[in-house]
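To start, the structure itself, in structure tokens.
The values are calculated or read from the model by the stated rules, or taken from the named source; none is laboratory data. Because the structure is a prediction, the values reported are computed rather than measured. Neighbour counts run over all protein chains shown; Cβ positions are idealised from the backbone, glycine included. Keep in mind that these areas ignore ligands, DNA and RNA; they rest on the heavy atoms of the full protein, side chains included. Shrake-Rupley method; radii C 1.70, N 1.55, O 1.52, S 1.80 Å.
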Amino acid sequence: MTPLADLLARRIAATGPITVADYMAECLLHPAHGYYATRDPFGAAGDFTTAPEISQMFGELLGLCLAQTWLDQGAPSPFTLAELGPGRGTLMADVLRAARAVPGFHAAAQVVLVEASPVLRQVQAGTLSRQHDHGSRWIQTVGDLPDQPLFLLANEFFDALPIHQFQRDGDRWRQRVIGLKDGGLVFGLSDPVNPLMVGRQFLSDPPGTLVEVCPLASAIIAQVGHRLHHHGGAALIVDYGGWRSKGDTLQALRAHRMEDPLASPGEADLTAHVDFEALAMAASVPHSGLTRQGDLLLRLGIAARAERLAQRLTGAALDNHRAALRRLTDPAEMGSLFKALALHAPGTPPPPGFDPPTHRP
Ligand code: SAH
């Protein structure tokens, strides 16, 4: 049993079963035992690898996409260049390096990082100090973003936010909860809940349907949308998930392997697929179509960029570089599992490279 499993078991014994959202929040961000709160989980030695850690090309292309969007909106100055959940800070460092080619961008940008983990804030500060010379600021929540034009990135951030799971049982909906059996953590179902908690779009689904709802994601994106609406800007969101996705997608990853989400609370990464439709609806600003990561990167010119970088490489480094291009774009790898959505201020052109919207906000 992990120390957090012991704490949770005692809490459940005292006050009853907890929701999946409470469980996820404790596992990821408990101040003493939370997964992100206590470690740097990325890379070969960690539990998982993300797109910016695979190749610098990911951040460079997203950076140029964001910089083009900034130019298309008249190059407002100053503006907030923000990232949600920056991990090691690699994406922001690559964005800033690539955007040096865009006159005025650096002078106008005020870098703000939204990061809950003190350990990762330190790692990010180290990465960014090597890449650019003007100060970055850290904030705890998007509510503290400045009231000015906002150009924002989020890669694999929303999948780490706590979800609630609801299951239709006959005519009623119950919430999936975590209780105790023989001293160990087990999944169960709550008493019936108010169906309004589930979301209107799911209410006519058949018995047995399981849906996931992430109120924190909606609250965060509503704050972002509010700023885009009033001050201008855009947000590029990349994650795995779908449009009105259904089913149980809660998963635990430890040392690059999937495991039972209840097996080692606090010591495995926990994620759930992102419902991009819910994000687009909560943002209340124009959005792109949901675009496959591979399509986006190819349209933004990753093939040409990869060729340029390849000219400087030989041997194993060249093989790794080619493998990284495949990992990011191939539909059999991250290319179609990962999706991208752009949000942009009303009356502004959509960011380049994204599919056109199929659902108007
Ligand atoms: N974007 C990075 C890391 C993704 S992991 C990359 O692509 O490599 C998720 C990140 O979100 C971590 O930095 C984690 O500490 C942060 N995070 C998770 N929940 C958060 C919350 N509620 N508020 C702020 N940051 C959070």
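Taken across the stretch 319-332, residues that are small (Gly, Ala, Ser), at pLDDT below 95 and over 20 Å from the mean Cα position of the chain (by Cα) do occur, with at least one present. Within the stretch 50-89, take every residue that is within 25 Å of Leu216 (Cα to Cα) and without any contact (Cβ under 8 Å) to a residue 40 or more places away in the chain and give me the one that is farthest from the ligand (Cβ to nearest atom). So the residue we want is Gly89. Out of the residues in the stretch 132-144 meeting the condition of being closer than 27 Å to Ala32 by Cα and part of a loop (DSSP other than H, G, I, E, B), tell me which one is most open to solvent (accessible area, probe 1.4 Å). Out of the qualifying residues, it is Gln140. In the stretch 102-123, how many are in a helix (DSSP H, G or I), more than 29 Å from Asp72 (Cα to Cα) and of a type outside the set (A, V, I, L, M, F, W, C)? Matching residues across the stretch 102-123 total 3. Annotation note: Cβ proximity below 9 Å between a residue of the stretch 14-30 that is among the aromatic types (Phe, Trp, Tyr) and a residue that is at pLDDT below 95 and open to solvent by 60 Å² or more (accessible area, probe 1.4 Å) (sequence gap 6+ or interchain) occurs for no pair. Take the conditions (1) free of Cβ contacts under 8 Å to residues at least 12 places away in the same chain; (2) not in a loop (DSSP other than H, G, I, E, B); Leu313 misses just one of them, which is (2). Scanning the stretch 242-261 turns up no residue that is of a type outside the set (Phe, Trp, Tyr) and part of a helix (DSSP H, G or I). Of the strands (runs of 3 or more DSSP E) entirely within the stretch 152-240, those holding at least 2 residues that are over 28 Å from Asp72 (Cα atoms) and of a type in the set (Val, Ile, Thr) occupy 172-181, 210-213.
Among the residues here, Pro103 does not qualify as modelled with pLDDT of 95 or more and within 13 Å of the ligand (Cβ to nearest atom).
One residue stands out among those in the stretch 177-223 that are of a type in the set (Asp, Glu) and without any contact (Cβ under 8 Å) to a residue 24 or more places away in the chain: the one that is most open to solvent (accessible area, probe 1.4 Å), which is Asp182. Scanning the stretch 303-315 for residues that are touching a helix residue (DSSP H, G or I) at 6+ places or on another chain (Cβ under 8 Å) and open to solvent by 60 Å² or more (accessible area, probe 1.4 Å) yields a total of 1. Residues that are closer than 24 Å to Arg227 by Cβ and either surrounded by fewer than 18 Cβ atoms within 10 Å (Cβ to Cβ) or within 9 Å of the ligand (Cβ to nearest atom) (or both) within the stretch 114-131 comprise Val114, Glu115, Ala116, Ser117, Leu120, Arg121, Gln124, listed in sequence order. Scanning the stretch 59-98 for residues that are more than 22 Å from the chain's Cα centre (by Cα) and among the small types (Gly, Ala, Ser) turns up Gly74, Ala75, Ser77.
Of all residues in the stretch 316-328, those that are open to solvent by less than 100 Å² (accessible area, probe 1.4 Å) have Cβ atoms under 9 Å from Cβ atoms of residues that are among the aromatic types (Phe, Trp, Tyr), 6 or more apart or on another chain, in Ala324/Phe58; Leu328/Phe58; Leu328/Phe338. Applying the criterion of being touching a residue at least 40 places away in the same chain (Cβ under 8 Å) and surrounded by fewer than 14 Cβ atoms within 10 Å (Cβ to Cβ) to the residues of the stretch 245-260, the residue that is farthest from Met1 (Cα to Cα) is His256.
Assess whether Val102 counts as being without any contact (Cβ under 8 Å) to a residue 60 or more places away in the chain and under 23 Å from Ala217 (Cβ atoms). No, not satisfied.
Here is a yes/no grid of residues against (1) open to solvent by less than 10 Å² (accessible area, probe 1.4 Å); (2) more than 30 Å from Leu189 (Cβ to Cβ):
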| residue | (1), (2) |
| --- | --- |
| Val20 | yes, no |
| Gln68 | no, yes |
| Val95 | yes, yes |
| Ala101 | no, yes |
| Ala108 | yes, yes |
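Selection of the stretch 333-354 for residues being closer than 15 Å to Arg292 by Cβ, in contact with a helix residue (DSSP H, G or I) (Cβ under 7 Å, 6 or more places away or on another chain) and at pLDDT 95 or above yields Phe338, Lys339, Ala340, Leu341, Gly353, Phe354. Return the residues of the stretch 331-357 that are in a strand (DSSP E or B) and under 15 Å from Pro149 (Cβ atoms); say none if nothing qualifies. Within the stretch 331-357, Leu343, His344 qualify.
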